[in-house]
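Got a structure for you, written out below as structure tokens; questions coming shortly.
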Amino acid sequence: MYDFAPGLGRGVDRVIRPLLRFCHETLGLSPAQLTWAAFATSVAAGVACAGGRGRLGWGLGLMALGQVLDGLDGGIARAYGLASVAGRRLDTRLDRGSEAAIFAGLAAGGFVAWKLALLALVAILLMTSIVERSRLDPGMKRFALYFGIWLPYPLIFTVIFAVNLAAYVVGLLVIDCRFQLVMDALDGDLDTVASRAVRLERAAAPR
């Protein structure tokens, strides 16, 4: 899991440390195994949601369990020094896979149109593609789905789509602003810096 608030993450880890110790030391579970378990549970949640209104409660319950498991993998990685780039990459990919499975289940169960579910997923994927550079993640993915008990799912998916698409656009602006600040610090834009490098190379070349 990419940690955008390490202080908050460590605070939560201290609270659930006995659970982290039980999962890792007693059961011998690794962060990767918990990541895969979270994904499998989310797929089961999608299958349950596909069963229609009568199984929505089961689907949301399994989705909650998947999110708990997804939180434990990051906690163990931090507590035992097992965090890695490969682990974060696996976690991110399976998170998106989990959302795809749950969104598909809700669409198959008739809760939301396939087109709207796909649009929401695409917006999440776009936001994810730049999140490590923008450090902007609204977190509006699976959690909003719990409100389907009270609110219509088409409205919820519309909000998920709009929030993540807005985060993508704002994230691009943040990345561009940071890039421009770097260029300003180098006393010029990209073309000027490139031109200066060419001049330096020519000056250093033997005549």
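Return yes or no: is residue 3 surrounded by 15 or more Cβ atoms within 10 Å (Cβ to Cβ), at pLDDT below 90 and of a type in the set (D, E, K, R)?
No, not satisfied.
For the stretch 137-146, does any single residue satisfy the condition of being in contact with a Pro (Cβ under 8 Å, 6 or more places away or on another chain) and buried (at least 18 other Cβ atoms within 10 Å of the Cβ)?
No, the stretch 137-146 has no match at all.
Specify the residue that is least open to solvent (accessible area, probe 1.4 Å); the eligible residues are those in the stretch 120-136 that are of a type outside the set (Gly, Ala, Ser) and farther than 18 Å from residue 98 by Cβ.
130
Could you tell me how many of the residues in the stretch 84-99 are touching a residue at least 40 places away in the same chain (Cβ under 8 Å) and either touching a strand residue (DSSP E or B) at 6+ places or on another chain (Cβ under 9 Å) or of a type outside the set (D, E, K, R) (or both)?
Qualifying residue count for the region: 6.
Residue 55 versus (1) more than 20 Å from residue 141 (Cβ to Cβ); (2) at pLDDT 90 or above; (3) in contact with a Leu (Cβ under 9 Å, 6 or more places away or on another chain): which is the lone unmet condition?
In the conditions (1) more than 20 Å from residue 141 (Cβ to Cβ); (2) at pLDDT 90 or above; (3) in contact with a Leu (Cβ under 9 Å, 6 or more places away or on another chain), residue 55 misses (3) alone.
Just to be sure before I move on: is residue 64 open to solvent by less than 10 Å² (accessible area, probe 1.4 Å) and in a helix (DSSP H, G or I) in the structure I sent?
no
Select from the stretch 101-119 the residues that are open to solvent by less than 50 Å² (accessible area, probe 1.4 Å) and not in a helix (DSSP H, G or I) and list them in ascending order.
Answer for the stretch 101-119, where residues must be open to solvent by less than 50 Å² (accessible area, probe 1.4 Å) and not in a helix (DSSP H, G or I): 109, 111, 112.
I'd like to know if the stretch 101-114 contains one or more residues that are within 16 Å of the chain's Cα centre (by Cα), within 16 Å of residue 36 (Cα to Cα) and touching a residue at least 40 places away in the same chain (Cβ under 8 Å).
Yes: the stretch 101-114 contains one or more residues that are within 16 Å of the chain's Cα centre (by Cα), within 16 Å of residue 36 (Cα to Cα) and touching a residue at least 40 places away in the same chain (Cβ under 8 Å).
Can you name every residue in the stretch 120-158 that is without any contact (Cβ under 8 Å) to a residue 60 or more places away in the chain, assigned to a helix (DSSP H, G or I) and among the small types (Gly, Ala, Ser)?
Correct list: 120, 123, 129, 134, 144.
Considering only the stretch 67-100, how many residues are of a type in the set (S, T, N, Q), in a loop (DSSP other than H, G, I, E, B) and surrounded by 15 or more Cβ atoms within 10 Å (Cβ to Cβ)?
Selection size over the stretch 67-100: 0.
On to the next question. Out of the residues in the stretch 147-185 that are among the small types (Gly, Ala, Ser) and farther than 28 Å from residue 49 by Cα, which is least open to solvent (accessible area, probe 1.4 Å)?
Ranking the qualifying residues of the stretch 147-185, first place goes to 171.
Another question, if that's okay. Would you pick out the residues in the stretch 13-31 that are among the basic types (Lys, Arg) and touching a residue at least 60 places away in the same chain (Cβ under 8 Å)?
If the condition is that a residue be among the basic types (Lys, Arg) and touching a residue at least 60 places away in the same chain (Cβ under 8 Å), then 17 is the only one that fits.
The values are calculated or read from the model by the stated rules, or taken from the named source; none is laboratory data. Values in this document were obtained by computation on a predicted structure and should not be read as measured data. Note that each Cβ is placed from the backbone with ideal geometry, even for glycine, and that neighbours are counted across all protein chains shown. Accessible surface is based on the protein model in full, side chains and every heavy atom, while ligands, DNA and RNA are left aside. Shrake-Rupley method; radii C 1.70, N 1.55, O 1.52, S 1.80 Å.
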